[in-house]
Amino acid sequence: MINQEQLQRIHSLYQEGRFQCNFYRKKLADARFKNYEDFSRIPFSRKEEVRESSVYDRTATPTENIFGIYSSSGTTGEKKYYVYNRHDKKIQEECARIFMNMAGIDEKDLGGILSPIGTGVMGHCMTWQFSAVGAGVVHCPEPSPENIVKTLDKFPVTAIATLPQVAASVIENPEHAKAAGNSTVKSLLLGGDHLSETVRKQLENTWEADVYNLFGMSEIFGPIAGECAMKNGLHFPTRYLAIEILDPKTRKSVTLGETGVAVYTTLWDKGFPLLRYWSDDLISIDDTPCPCGSPMPRLFFRGRTE
């Protein structure tokens with residue numbers, strides 16, 4: 001459930017004209033923000049609508065405030081492009097510092113980016129998250145198992161950012177697996193796909209390193225949520241992200257702790273603001289205190305509706 005403070009923030013963004021773009025104009029024709037019941041009448045935003053709109057239909061950011069235009073990975077269809085403004089970059093760095101610190105990454109680390117660096121925002125966010133804590137980076141833009149092993153042999157990489165399946169690609173070959181285990185890597189920061197506990201254990205055994213799950217999405221950035229040392233749910237900042245958890249059939253809020261579809265609303269002057277964005281992600285939320293001491297609630301990814 002979105003709380004009153006978050007509703008007030010959304011209303012402020014609305015009054016400031018942050019949603020004054022073609023993508024939201026009809027949706028907000030009769031918008032009210034007095035309470036959640038009012039807010040819940042605003043139509044959902046859907047991925048299909050994003051695909052059918054242009055990048056400039058979805059932003060109210062003037063050209064001088066654009067930091068960059070980046071795309072989704074395109075793994076499930078045609079790439080979708082998004083405007084990222086200078087405030088997006090600032091918020092991304094703030095979130096990255098939180099979650100990198102939780103994983104014990106700092107300026108003494110050398111990060112290995114196992115991801116293509118093109119228009120896709122994922123590879124850039126992986127780079128930015130290390131920069132946010134003062135760590136250096138080295139890129140492996142064609143991360144085959146052979147190239148991963150060569151990178152580890154050449155450079156004293158201590159932390160790797162990549163997809164779970166890329167990190168797991170070294171497991172099949174005993175020589176590659178041995179090289180990974182003997183490397184200087186102490187942490188794997190994984191995102192972009194679901195990380196099961198079975199795969200986490202396999203990776204930790206092979207790499208002899210801690211594996212942390214990070215959560216991001218092209219429509220926002222990464223990481224917008226991340227694991228602490230407890231590795232039991234991903235903390236997320238309620239000052240920047242409001243999440244409704246809805247029953248996929250009734251479209252009504254589920255009880256806290258139950259699984260439902262995540263509907264995201266961003267809470268800053270974002271290049272492409274999300275307003276009731278129906279994600280198809282199935283998650284649950286736990287707001288009980290975490291043993292790590294963080295006041296942020298935790299989300300648990302349960303799958304997708306598709």
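FYI, it's all coordinate maths here, none of it is from the lab. Since the model is a prediction, treat every value here as computed from it, not as a measurement. For neighbour counting, all protein chains shown are included, and Cβ atoms are generated from backbone atoms with ideal geometry for every residue, glycine included.
Where both bridge residues fall in the chain, DSSP classifies roughly 60% of the beta bridges as antiparallel.
Comparing T266, T119, T198 in a Gaussian network model of the chain, where Cα atoms under 10 Å apart are tied by springs, the biggest mean-square fluctuation is seen for T198.
Between the residues C290, T250, P273, the greatest Cα displacement towards the positive end of the dipole of the range 233-292, with unit charges on the Cβ of Lys, Arg, Asp and Glu, is found for P273.
In the chain, Rg over Rh equals 0.97, where Rg is the alpha-carbon radius of gyration and Rh the Kirkwood radius from pairwise Cα distances. Beta bridges from DSSP with both residues in the range 101-227: antiparallel share about 10 percent, rounded to the nearest 5.
Using C-alpha pairs below 8 Å separated by at least 6 residues, the relative contact order for the range 29-123 is 22 percent. I need to check one value: relative contact order of the range 121-181, counting alpha carbon pairs closer than 8 Å and at least 6 residues apart, in percent. In percent, rounded to a whole number, it is 31. Among G111, G293, G233, the residue with the largest mean-square fluctuation in a Gaussian network model of the chain, with springs joining Cα atoms closer than 10 Å, is G293.
Below 8 Å, C-alpha to C-alpha, sequence gap of six or more: please give me the relative contact order for the range 175-280 in percent.
Details: 156 pairs, mean separation 17.3, N = 106.
After rounding, I find 16 percent.
Taking the Cα atoms of the range 174-306, the ratio Rg/Rh between the radius of gyration and the Kirkwood radius comes to 1.02. Take every DSSP beta bridge whose two residues both sit in the range 158-306; close to 75 percent of them are antiparallel.
Loop-only check: which GluC sites (Glu not before Pro) in the range 79-140 are DSSP coil with at most 16 other Cβ within 10 angstrom?
Numbers: sites: E93, E94, E107; in loops: E107.
Within the range 79-140, the qualifying GluC sites (Glu not before Pro) (loop, at most 16 other Cβ atoms within 10 Å) are E107.
In whole angstrom, how far apart do the alpha carbon centroids of the range 139-201 and the range 236-304 sit? If we compute the Cα centre of each part, the gap is 30 Å. Remark: the I66-E208 segment gains 47.0 nm on full extension, using 0.36 nm per residue and subtracting the alpha carbon distance.
Kindly identify the range 55-172 as rounded, prolate or oblate by the Cα gyration tensor criterion: order the square roots of the eigenvalues as a ≥ b ≥ c, call it rounded if a/c is under 1.5, otherwise compare a/b with b/c, prolate if a/b is larger, else oblate. Let's see the in-between values first.
Working: a/c = 2.55, a/b = 1.43, b/c = 1.79.
Note, shape of the range 55-172 comes out oblate.
Largest mean-square fluctuation among S54, S73, S187, in a Gaussian network model of the chain whose springs join Cα atoms under 10 Å apart, belongs to S54.
Taking the Cα centre of the range 143-280 as the origin, how large is its charge dipole in debye, to the nearest 20, when only Lys and Arg (+1) and Asp and Glu (-1) carry charge on their Cβ atoms? Write out the running numbers ahead of the final one.
Working: 13 positive and 16 negative charges, 63 e Å.
Around 300 debye, computed over the range 143-280.
Looking at the square roots a ≥ b ≥ c of the eigenvalues of the Cα gyration tensor of the range 125-214, which shape do they give, rounded for a/c under 1.5, prolate if a/b is larger than b/c, or oblate? Verdict is oblate for the range 125-214. Within the same chain, aspartates and glutamates fewer than 8 places from K178 are excluded, and of the rest, those with a Cα less than 14 Å from its Cα are E146, D153, E204, E208. Using R0 = 30 Å, the C-beta based FRET efficiency linking D38 and E93 works out to 0.35.
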